[in-house]
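First up is the structure itself, then whatever we jot down about it.
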Amino acid sequence: MRMLLIHSDYLEYEVKDKALKNPEPISDEQKTGRLDEVLAVFISVEKVDETNPDEVVEKAVKEIEDVASQIKAERIFVYPFAHLSSELAKPDVALEVLRKIEEKLREKGYEVKRAPFGYYKAFKLSCKGHPLAELSRTIVPEKAVSK
Ligand SMILES: NCC(=O)N[C@H]1[C@@H](O)[C@H](n2cnc3c(N)ncnc32)O[C@@H]1CO
């Protein structure tokens, strides 16, 4: 998994077109979204993550929490982003991983939004520009689980 973490004044998106034959079903309300004072986390789920999705979810949540606590962010935007890797996981695994990351962060008390999966989206982002405002993380599962 590759993550790009941007501490932002805001992130807003607008769904444009389908980018997959079967994108995640969304309500009209989910066609746009915005959070202010947010840690935006752009995530590419990778092929190697398919060997142990649950381990990768745990590690990703830990990394995100670690950054959020350093920058004192209470809101997190989980953003599916297929452009950080050339070894992408298949969509159904990727969506499941992203949903679990969203869910676990919410359980930990963060206000969380997740941008819709499988779409082209317009987005606006205002990076704060301080030394910890732009970070990247690479996460790999250590032990594969038998399917
Ligand atoms: N910017 C627009 C976009 O990226 N759209 C992507 C993601 O929303 C999603 N997607 C598909 N596979 C993956 C993956 N392995 N990891 C993350 N997202 C994925 O499907 C779209 C087409 O690849």
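The values are calculated or read from the model by the stated rules, or taken from the named source; none is laboratory data. What you are looking at is a predicted structure, and each value in this text was computed from that prediction instead of being measured. Methodologically, a virtual Cβ is constructed for each residue, glycine included, from the backbone with ideal geometry; neighbour enumeration extends over all protein chains shown. The accessibility values were calculated without ligands, DNA or RNA, using every heavy atom of the protein model including side chains. Shrake-Rupley method; radii C 1.70, N 1.55, O 1.52, S 1.80 Å.
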> Using just the C-alpha positions of the stretch 24-86 as equal point scatterers, what log10 of I(q)/I(0) does the Debye formula give at each q in 0.16, 0.22, 0.26 1/Å?
Replying inline: -0.69, -1.08, -1.16
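Please report, to one decimal in angstroms, the Kirkwood hydrodynamic radius of the stretch 93-135 built from all distinct Cα-Cα pairs. Kindly include the intermediate steps, with their values, before the conclusion.
Numbers: mean 1/r = 0.0786 Å⁻¹.
It is 12.7 Å.
Run the accessible area of the stretch 1-57 with a 1.4 Å probe and give the carbon-and-sulfur part as a rounded percent. Before the final figure, lay out the partial values.
Values: 1280 of 2700 Å².
Here carbon and sulfur together make up 48 percent of the probe-accessible area.
What do you reckon, how do Phe77, Phe117, Phe123 stack up by accessible area (1.4 Å probe), largest on top? Working shown, then result.
Values: Phe77 0, Phe117 25, Phe123 85 Å².
Heavy-atom accessible area, descending, gives Phe123, Phe117, Phe77.
Assuming a strict under-21 Å limit between Cα atoms, what lysine pair count do you get for the stretch 1-64 once near-sequence pairs (fewer than 8 apart, same chain) are dropped? Could you put the intermediate results ahead of the total?
Numbers: Lys16/Lys31; Lys18/Lys31; Lys21/Lys31; Lys21/Lys47; Lys47/Lys59; Lys47/Lys62.
Step by step, the pairs that qualify in the stretch 1-64 add up to 6.
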> Ignoring ligands, DNA and RNA, what accessible area per residue does the chain give at 1.4 Å, in Å²?
Replying inline: 55 Å²
>> Let's test this: bin the Cα-Cα distances of the chain at 5 Å from zero up to the farthest pair and state each bin's percent.
In response: 2, 10, 20, 23, 21, 15, 6, 2, 0
>> Amide H of Phe117 versus every other amide H placed in the peptide plane: which residues, excluding those fewer than 5 positions away on the same chain, fall under 5 Å?
In response: Glu24
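Over the stretch 89-147, with every protein chain in place, what whole percent of the accessible area is carbon and sulfur at 1.4 Å, could you tell me?
Working: 1880 of 3690 Å².
Using a 1.4 Å probe with all protein chains present, the stretch 89-147 comes out at 51 percent carbon and sulfur.
To the nearest 20 Debye, how big is the dipole of the chain about its Cα centre, given +1 on the beta carbon of each Lys and Arg and -1 on that of each Asp and Glu? Walk me through the numbers before you get to the answer.
Working: 25 positive and 28 negative charges, 50 e Å.
Value, rounded to 20: 240 debye.
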